[in-house]
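Enquirer: I have a structure I would like to understand better, so I am pasting it below and will then ask my questions one at a time.
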Amino acid sequence: MSWLRIEKLAVEVRGKLILKDFNLNIEKGEVHVLLGPNGAGKTTLIKTILGFKNYKVVNGHIFFKDKDITNLPTNERIQMGIGVLFQHPPAINGLKLSKLLTVCSEKRGNNTECTDELSSDIQQLATRLKFSPEYINRDVNLGFSGGEVKRSEILQMMVLKPDLLLFDEPDSGVDVENVELIAKIMRELLDRDKIPSKQGKSGLIITHLGYILKFLGHITRAHIMMDGTITCSGDPALIINSIMKNGFEACRECVSCVENSSLLKEVDFTL
Amino acid sequence: MNMKTKDSPDQIKDKAHKVLERAKQQNNDGINLNDYTLGDEGKPEGTLHSEEEIPEDLKESMDKVGIDVNEKKSGLYLQTGNKYDLCVSNTPGIELLPIKEALKKYDGTDGKLNLQDYLWKAVPYDKDQYTAEAAIQEISQGYFIYAKKDRKTVFPLQSCLFVNLPGMKQVVHNIIIAEEGSELDIITGCSTHRIARKALHLGVSEFYVKKNARVSFTMVHNWADDTNVRPRTGIILEDNAEFSNFYIVMSAVRNLQTNPVINLVGKNSSYYGQTLIYGKGNSYFDTGATAHLIGEGSKAELISRVLAIDSAHVKARGTIIGDGKDVTGHIDCSALILSDHSRVDSIPEIQARNPQVTLTHEASVGKIADDHIEYLMSRGLSESESINLIVSGFLDVDTSPLPKKLAKETEKIIKLVSEAEMG
């Protein structure tokens, strides 16, 4: 079953065409990686999948679990099982991370009986992510470091347990130690260590470094996105090695990695 | 303390009349005191003798300003109109009295405190027509709270003031004295009875916090849409004195203007003030605070959170004057505008009068940011749920400067009042 299917998508942001003729299909259990230079439209894609206000679909469709979600409000898409880890989430004055987690948990259908106390489940998850109880009582994202933002985002995903996870630069601005911690949880959230027939989660990981992929196990497919569309798709090892060696510009025509594949074996995919 | 020479009662009245004359020429600030009457001159004082005798409808009004009669307390003062109904206290060393009785009792004889030394020292009676009116009415009524040296309240003191008749002016004068090393926690609620609507509340409150003493004061106002409100508050803080002030108004009002003046004369004295305003209907609010940092190392923080909907207009002010050596002050005025016709003016002002002061301010006024709403929607909340969560977060004031019991109580009050007013 197709988890995410995007067909001929064109998207305008404030009158400017950002995505054009964008196509993507992610099956249940698959994890894809989307690579591309700054400004290629990667974050626009994520926000369009979520249905944010300023991201106007002028052509094409987005299907989730075979249902057309192109015109659904954001929260309904989330309730169907989409989850997102933002690169730059906003700081919200007065809204405590603990409160947000409790709300996420309620949305997940857990009855928290209206207490202000954080459930022990959430507390345990927070401890795994090295969040102290006092930290979790801070206003969400307010004065958080890069690593803290990512850990807070992934903690919310752990509570929401979505079926399709969208990761926008999960490793940017994060130190090595935290990248490993975040990757470990991503691996769990994406069922990477289950046998293929038990893998029920899908993922789309946006990155422009690829370093985090080293910790994530098998990646189904990689795509290169440039100027609002996918220019090249294929084997993750080949594509990443090609980018490392030749840069994104050489991938515009999607020939370099195919032509030189035999020469690329010397480059270690795991960096 | 302000040590200007004492005026005799006649001199006070004389000057007060002149202030009223002047006010009349300047159009009375839009409020003509003669449009209102005291209304209950014949009514006897102290008609209730215990909390059990409080009528149910009064209890309901008390609930709306966060005063729960069933809570444990150190004392309770109830006043309707210009007469007190009930005044009970049960903590040794902490006295709660109607101000008229207090003035008779504390006359300076037999080595007792002389209240005349405090009367009109933190609030000048010739400040404006309202203080002048209170001076002419010669202490209509109000409460006197007196914490003796090193005495502490275990539970908060509760006080409630009601305006209960249409066309009534309620003129209140409160004096609060915390002697050296004492601690006072006070919760006070003021409200208009639904039949009163068109009314005027005029409240003078003078606080004297001595060396090493600490006062926390939580005040909840719940007015009617045709009530004018003029609180006049003065606070004097001596060495190491601490004051936490929470002020919450979430009801409609006609016109409310207040600007407590805090004189931090003592070394290392500190003031922490938070104001929470939910302006709705056609309400007009002009609220602020002025902290004068005089004592070396004194500090003040003025925080306001304003929500404006409908056609409400809120002016949120804050002034800190840095006079003393090594003083610090910070003003934080944040406001959310939730409708097209509401208006908020945020006016922080900091004045440095020597190079050894550190004064800062931040202010923001605007609607709820779209990216905040979308962020919460991307966690599964609907648009209206997201807005509610952001607004309640915005109202989630920091109660940490309060003692634990009072912090819990204050949080409960805010929750209660905001749920009742915002639905």
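Readers should treat all values here as calculations from the given coordinates under stated rules, not as data from a laboratory. Keep in mind that this is a model prediction, so the values were computed, not measured. All Cβ positions, even for glycine, are placed from backbone atoms using ideal geometry, and neighbour counts span all protein chains on display.
Enquirer: Using a cut-off of 17 Å between alpha-carbon atoms, which lysines can reach A:Lys150, once sequence neighbours fewer than 8 places away in the same chain are excluded?
Expert: Output for A:Lys150: A:Lys96, A:Lys130, A:Lys161, A:Lys184.
Enquirer: From the gyration tensor of the Cα coordinates in the stretch B:101-228, what semi-axes in whole Å does the equivalent ellipsoid have, largest first, with each one equal to sqrt(5λ)?
Expert: 28, 18, 12
Enquirer: Another question about this same structure. Calculate, axis by axis, the spread of Cα positions in the protein assembly as shown along the three principal axes, and write the results as whole Å, longest axis first.
Expert: Answer, in whole Å and largest first: 105, 48, 48 Å.
Enquirer: Whole number please: convex hull volume per residue, Cα atoms of the stretch B:1-97, in Å³. Write out the running numbers ahead of the final one.
Expert: On the way: hull volume 20.3 nm³, N = 97.
Convex hull volume per residue, Cα atoms: 210 Å³.
Enquirer: Now a separate question. So in chain B, what percent of DSSP beta bridges are antiparallel if you round to the nearest 5? Before the final figure, lay out each step's value.
Expert: On the way: 12 of 140 bridges.
Percent antiparallel among DSSP bridges in chain B is about 10.
Enquirer: Same structure, new question: Looking at chain A only, what percent of DSSP beta bridges run antiparallel? Nearest 5 please.
Expert: Just about 55 percent of them are antiparallel.
Enquirer: How would you rank B:Ser392, B:Ser270, going from fewest to most other Cβ atoms within 10 Å of each one's own Cβ?
Expert: B:Ser392, B:Ser270
Enquirer: While we're on this one: Give the aspartates and glutamates whose C-alpha is closer than 13 Å to that of A:Lys16, dropping any in the same chain fewer than 8 places away, or say none.
Expert: Hits, sequence-local ones excluded: A:Asp227.
Enquirer: Also, I was wondering about something else. Based on the alpha carbon coordinates of the stretch B:370-423, what radius of gyration and maximum Cα-Cα distance (Dmax) apply, in Å?
Expert: Here Rg and the maximum Cα pair distance are 13.7, 38 Å.
Enquirer: At 222 nm, what helix-only mean residue ellipticity would chain B give, in deg cm²/dmol to the nearest 500, using -39500 (n - 2.57) for each DSSP H run of four or more?
Expert: -6000 deg cm²/dmol
Enquirer: Check the straight Cα-Cα distances from B:Lys72 and name the lysines below 19 Å, setting aside those fewer than 8 residues away within the same chain.
Expert: Reachable lysines: B:Lys59, B:Lys64, B:Lys152, B:Lys404, B:Lys405, B:Lys408, B:Lys412.
Enquirer: Counting DSSP beta bridges with both partners in the protein assembly as shown, what percentage is antiparallel, nearest 5? List each step's numbers first, then the result.
Expert: Working: 36 of 182 bridges.
Approximately 20 percent, going by the DSSP bridge assignments.
Enquirer: Just to be sure I understand the curve: with the Debye formula and one point per C-alpha of the stretch A:58-183, what is log10 I(q)/I(0) at q = 0.19, 0.23 Å⁻¹?
Expert: -1.11, -1.43
Enquirer: Output needed: percent of Cα pairs per 5 Å distance bin for chain A, bins running from 0 to the one holding the longest distance.
Expert: 1, 6, 12, 16, 19, 17, 14, 9, 4, 2, 1, 0, 0
Enquirer: What is the magnitude of the charge dipole of the stretch B:370-423 about its Cα centre, with +1 placed on the Cβ of each Lys and Arg, -1 on the Cβ of each Asp and Glu, and no other charges, expressed in debye to the nearest 20?
Expert: Result for the stretch B:370-423 is approximately 500 debye, rounded to the nearest 20.
Enquirer: Under 13 Å from the Cβ of B:Leu86, count the other residues' Cβ atoms, weight Lys and Arg +1, Asp and Glu -1, and hand me the total.
Expert: -2
Enquirer: Separate question: Could you list B:Tyr106, B:Tyr278 so that the one with the fewest beta carbons within 10 Å of its beta carbon is first and the one with the most is last? Don't skip to the answer; put the middle values down first.
Expert: Details: B:Tyr106 21, B:Tyr278 26.
By the 10 Å Cβ count, ascending: B:Tyr106, B:Tyr278.
Enquirer: Here is a follow-up. Where does chain A land at 222 nm, in deg cm²/dmol rounded to the nearest 500, when only DSSP H runs of n ≥ 4 count, each adding -39500 (n - 2.57), divided by all residues?
Expert: Calculated mean residue ellipticity at 222 nm is -9000 deg cm²/dmol.
Enquirer: At a Förster radius of 30 Å, what calculated FRET efficiency corresponds to the Cβ-Cβ distance of A:Leu142 and A:Tyr211, to the nearest 0.05?
Expert: 0.60
Enquirer: Holding the Cα-Cα limit at 21 Å, pick out from B:Lys13/B:Lys210; A:Lys201/A:Lys245; B:Lys149/B:Lys210 the pairs that are longer than that.
Expert: Working: B:Lys13/B:Lys210 29 Å; A:Lys201/A:Lys245 32 Å; B:Lys149/B:Lys210 9 Å.
Among B:Lys13/B:Lys210; A:Lys201/A:Lys245; B:Lys149/B:Lys210, the Cα-Cα distance tops 21 Å for B:Lys13/B:Lys210; A:Lys201/A:Lys245.
Enquirer: Averaging sequence separations of C-alpha pairs under 8 Å and six or more residues apart, then dividing by the length of chain B, give the relative contact order as a whole percent.
Expert: Dividing the mean separation by the residue count of chain B yields 10 percent.
Enquirer: While we're here: Regarding chain B, what are the three Cα extents along the principal axes, ordered largest first, in Å?
Expert: So the extents along the principal axes, rounded to whole Å, are 71, 54, 49.
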